[in-house]
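The values are calculated or read from the model by the stated rules, or taken from the named source; none is laboratory data. A quick note: this is a predicted structure, and the numbers were derived from the prediction, not measured. Neighbour counts are summed over all protein chains in view; Cβ atoms, including those assigned to glycine, are modelled from backbone coordinates with ideal geometry.
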Amino acid sequence: MHGITDTRKSLNAESKVYLVGGGIASLACAVYLIRDSHIQGKNIYLLEESDRIGGCLDAQGSAENGYTMRGGRMFSEEAYRCTFDLLSFIPSLSDAKKSVKDEIFEYNKKIKSKSTCRLVENGKKVAITSLGLNKP
């Protein structure tokens, strides 16, 4: 393939990599660069215009006021195999013997979640029948 470079041959542990955007794609790319290309994390730069890394996965809030996450999903489904693969080799910050995937699975066993609505505004359910959705 003309014009395509095999990065495994051109990168080394000291290479500097610049990723545009701080969303899940760049975060995943950084993880794979560390694991597969042995790039040092300190040499990976995320260029993000907002003040927060995570893109639509920018959870925030508190137990008192509730939490929000623009791209929030329930991580209890098998549909997230690629995400779980990624999280399976990221070590836990609290226990070196566990991965982030392990922590999520443990949490899901302890805390059973159930979505009871599709849209919330100012802490209240928003009717969505106008969109053709008939369940809360």
Next on the checklist: Just to verify a result, which residue in the stretch 71-88, among those that are under 15 Å from residue 99 (Cβ atoms) and either part of a loop (DSSP other than H, G, I, E, B) or touching a helix residue (DSSP H, G or I) at 6+ places or on another chain (Cβ under 6 Å) (or both), is modelled with the highest pLDDT?
Outcome noted: 88
Item to check | The one condition in (1) closer than 30 Å to residue 11 by Cα; (2) modelled with pLDDT of 75 or more; (3) exposed (fewer than 13 other Cβ atoms within 10 Å of the Cβ) that residue 31 fails to fulfil | outcome: (3)
